[in-house]
1. Compactness ratio of the chain: Cα Rg over 2.2 N^0.38 Å, N = residue count?
2. Can you list the HN-Hα couplings for region 178-193, worked out from phi with the Karplus curve (6.51, -1.76, 1.60; θ = phi - 60°), rounded to whole Hz and with x for Gly and Pro?
3. Between helix 16-27 and the chain, what is the angle of the helix's C-alpha long axis to the longest principal axis, kept within 0 to 90° and rounded to the nearest 10?
4. How big is the Cα convex hull of region 44-184 in projection, averaged over all directions, in nm²?
5. What are the ³J(HN,Hα) values, in whole Hz, obtained from phi via the Karplus relation 6.51 cos²θ - 1.76 cosθ + 1.60 with θ = phi - 60°, for each residue of region 96-110 in sequence order, with x given for Gly and Pro?
6. With a 1.4 Å probe and all protein chains left in place, how much of the accessible area of the chain comes from carbon and sulfur atoms, in whole percent?
7. Hey, what's region 47-120 come to in accessible area per residue, 1.4 Å probe, Å²?
8. Around residue 248, which amide H atoms from residues at least 5 apart in sequence, or from another chain, sit under 5 Å from its own amide H, with H modelled in the peptide plane?
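The values are calculated or read from the model by the stated rules, or taken from the named source; none is laboratory data. Computed from a predicted model, the values in this text were never measured in an experiment. Ideal geometry is used to build each Cβ from the backbone, glycine not excepted, and the neighbour counts take in all protein chains shown. Remember, those area values only see protein heavy atoms, side chains included, never the ligands or the DNA or RNA. Shrake-Rupley method; radii C 1.70, N 1.55, O 1.52, S 1.80 Å.
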Amino acid sequence: MRLEGKVAIVTGSGAGIGEAIATRMAQEGARIVVNDVNVERMNVVVGQLTAAGFDALACKADVTKRAEVRDLVATTIAKFGQVDILVNNAGVSRHRPFMQMSDEDWDFVLAIDLKGVFNCIQAVAKPMMERQYGKIVNISSVSGMGGSADPPGANANYAAAKAGVIQLTKTCAAQLGPYGINVNCIAPGTMQTRFLYATRSPEEVERHLQLRAGNCAMRRVGRPEDIANAALFLASDEASFIIAHVLAVNGG
């Protein structure tokens, strides 16, 4: 059990990549706090985990709201006594041509995908610093590294936010590393989850998947489990000397 005795908060874990991460970490012994704004999905995941014999807690919180994030961390500590792992997975997209992108499209994505990560790191930092231990794994994207098959500018908001997550990872790693806290980042390629359908038609999704699979050395798109396995490694003590790293999980 690679995470035996650890407590992990996974934001946005009511479905998709977050659900896969929460499940994989539970399988390795972690007690899991499933966080989402969708209470129904969140409770389904907790029900699945507890039915499988794992220790899991549902905790609704909007990562864009600092008070709710602080309550999320406080609830975790009250229930489990500690927080060892934070996975910042909550995220959204608003796929729009650059010249048609509104203030709301920009602000909505930046608030969740970047500010939300900042809020969550800040909230867990103090208890982790006090214990001189912590693992923070931020989920960015290859879009934040300049790699995207979307038309130029179609995901400018998302790419900007995810690039910000990478730089926030490096900044926080320098600040928190002396306290025994490893801060790292995963940059997924295209993953086949419901996330792709947020602002694309089914036809657009199919074209997108075909294009990304064709451009990938492994000739397939990713699965949530691919990211979950990477997150598990970075959250484990096997990665104790890895910090400020951006791990691209994109099949080449």
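1. On the way: Rg = 17.2 Å, N = 252, 2.2 N^0.38 = 18.0 Å.
The value comes to 0.95.
2. Once rounded to whole Hz, the list reads x, 9, x, 10, 8, 10, 9, 9, 10, 10, x, x, 5, 10, 8, 9.
3. Between helix and principal axis, roughly 30 degrees.
4. Mean orientational projected area (region 44-184, Cα hull): 9.6 nm².
5. With coefficients 6.51, -1.76 and 1.60, one gets 9, x, 3, 6, 9, 6, 8, 4, 5, 4, 5, 5, 4, 5, 5 Hz.
6. Values: 5990 of 11180 Å².
So the carbon and sulfur contribution to the accessible surface is 54 percent.
7. 49
8. 187
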